[in-house]
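The values are calculated or read from the model by the stated rules, or taken from the named source; none is laboratory data. As the structure is a prediction and not an experimental result, all values here were calculated from the model. So basically every Cβ, Gly included, is an ideal-geometry build from the backbone, and we count neighbours across all protein chains shown.
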Amino acid sequence: MIEENADAAAKRQEALDEYESFIGRKIFFISFFILLTVLLCGISISLGPLKFSILEVYATIFDRFFPNFFSVPDLAPIVVWNVRLTRVVMGVLAGIGLAVAGASMQGILRNPLASPFTLGISAGAGLGAALAIIAGVGIGGSSGLLLVANAFIFSLIPSFVIVGLARFKRATPETMILAGIAMTYIFSAVSSLLHYFSDADALKDVVVWLMGDLGKATWGDFYTVGIVLAICIPLLIWKSWDLNVMGGGDEAAKSLGINVEQTRIFIMIVASLIAAVIVCFTGMIGFIGLVAPHITRICIGGDNRFVIPASGLFGAAFLVAADIIAREAMSPLIIPVGIVTSCVGGPLFLYLIARKKKDYW
């Protein structure tokens, strides 16, 4: 009896040590990407025709809040605050938002293919932008507002269709993915038709927008996106435990008292709103919403309480790093950041999948 109790105690202690090690790995992952994002932001702001050191960059930023406390180089406040910081801040917010939206969609649909791209949200925004630029058709008084409003409204159409299928037709997660892919083809076909009949200047503007760019971000855009993220991300984290339970199947979740249909609709609406707001300001930046959650799950497991915030941090660091490459690879020419995310992220994702020896979904 004494030996059995000792063996049971040893097994409990071993399980506890393994659990603490697993939690420690998650905390390390999150802390590492917070520090990495801060470092990459400093590097990104320091680069350009007029270069500063990273210490000078952060001194310039803190000098705005604590005047005369730091030594700031000439022209640094103008260059940092009015030119470079808006681009970097939008990159951080867009990376967080797209990754969090992708992680939530994949969790609620239990499908690794779910993302703002595969569910048609980005294609809908692309059609709205094409209508605004080529035909001048849509909602908004000025050309800039017309583009943003059109992209936002059309990006929500696939979300409403998918939510409607879930609400009224009791569609399965697989059916929702297929509906999103079908709408992607529909929107892309209509957009291509508009491209075919457009003039050269309008076509160039549409193509540049479709590639994704952070260079046109303003402080007004930052406030809009920041408010949406500040409201929506806590809601998704709040529902993360329900996501974990639903990962075992709808029947198991219902037996534990979770309203599966309402939860799925709620998370889809919130995640789609995040993706739609970001896409309408930055254009179609691919890869992040699809792959950031995958890489995060490979590193820290599938607990959505950690996957959702950790994916956001990974997405922020990745998009800021991609923007640095986009600005410096062919300087002074700036490559659209959406091209860089796909070119760098695709091979990285394949490499990680090839190295993974067990299922992580």
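How many residues, within segment 63-112, are in a helix (DSSP H, G or I) and in contact with a helix residue (DSSP H, G or I) (Cβ under 8 Å, 6 or more places away or on another chain)?
31
For segment 324-339, does any single residue satisfy the condition of being within 18 Å of Gln106 (Cβ to Cβ) and modelled with pLDDT of 85 or more?
no
Could you list, in sequence order, all residues of segment 125-167 that are at pLDDT below 80 and either at positive phi or of a type in the set (Phe, Trp, Tyr) (or both)?
Gly136, Gly138, Gly140, listed by residue number.
For Asp221, only one of the following conditions fails: (1) farther than 30 Å from Arg264 by Cα; (2) touching a Phe, Trp or Tyr at 6+ places or on another chain (Cβ under 6 Å). What is its number?
Among (1) farther than 30 Å from Arg264 by Cα; (2) touching a Phe, Trp or Tyr at 6+ places or on another chain (Cβ under 6 Å), Asp221 violates only (1).
Can you list residue pairs whose Cβ atoms sit under 7 Å apart, with the first residue in segment 132-153 being within 19 Å of Val207 (Cβ to Cβ) and the second being polar (S, T, N, Q) and modelled with pLDDT of 75 or more? Count only pairs 6 or more apart in sequence or on different chains.
Pairs found: Ala132/Asn150; Ile134/Ser198; Gly138/Asn150.
For segment 176-189, which positions are in contact with a helix residue (DSSP H, G or I) (Cβ under 9 Å, 6 or more places away or on another chain) and over 17 Å from Thr263 (Cβ atoms)?
Ile177, Ala179, Gly180, Met183, Thr184, Tyr185, Ile186, Phe187, Ser188
Between a first residue in segment 35-56 that is closer than 13 Å to Leu85 by Cβ and a second residue that is small (Gly, Ala, Ser) and surrounded by fewer than 16 Cβ atoms within 10 Å (Cβ to Cβ), which pairs have beta carbons less than 8 Å apart while being 6 or more apart in sequence or on different chains?
From segment 35-56, the pairs are Ser46/Ser53.
Would you list the helices (runs of 4 or more DSSP H) that sit entirely within segment 223-287 and hold 2 or more residues that are under 15 Å from the mean Cα position of the chain (by Cα) and polar (S, T, N, Q)?
By residue number, 260-282.
Which residue is surrounded by the most Cβ atoms within 10 Å (Cβ to Cβ), if the candidates are limited to segment 217-226 and must be touching a helix residue (DSSP H, G or I) at 6+ places or on another chain (Cβ under 9 Å) and either among the small types (Gly, Ala, Ser) or free of Cβ contacts under 8 Å to residues at least 40 places away in the same chain (or both)?
Among those that are touching a helix residue (DSSP H, G or I) at 6+ places or on another chain (Cβ under 9 Å) and either among the small types (Gly, Ala, Ser) or free of Cβ contacts under 8 Å to residues at least 40 places away in the same chain (or both), it is Ala217.
May I ask you to list pairs of residues, at least six apart or on different chains, whose Cβ atoms are under 9 Å apart, with the first in segment 59-85 being over 22 Å from Ala217 (Cβ atoms) and loosely packed, with under 14 Cβ neighbours inside 10 Å and the second being at pLDDT below 85 and not aromatic (Phe, Trp, Tyr)?
Hits for this filter: Phe69/Asp63; Ser71/Asp63.
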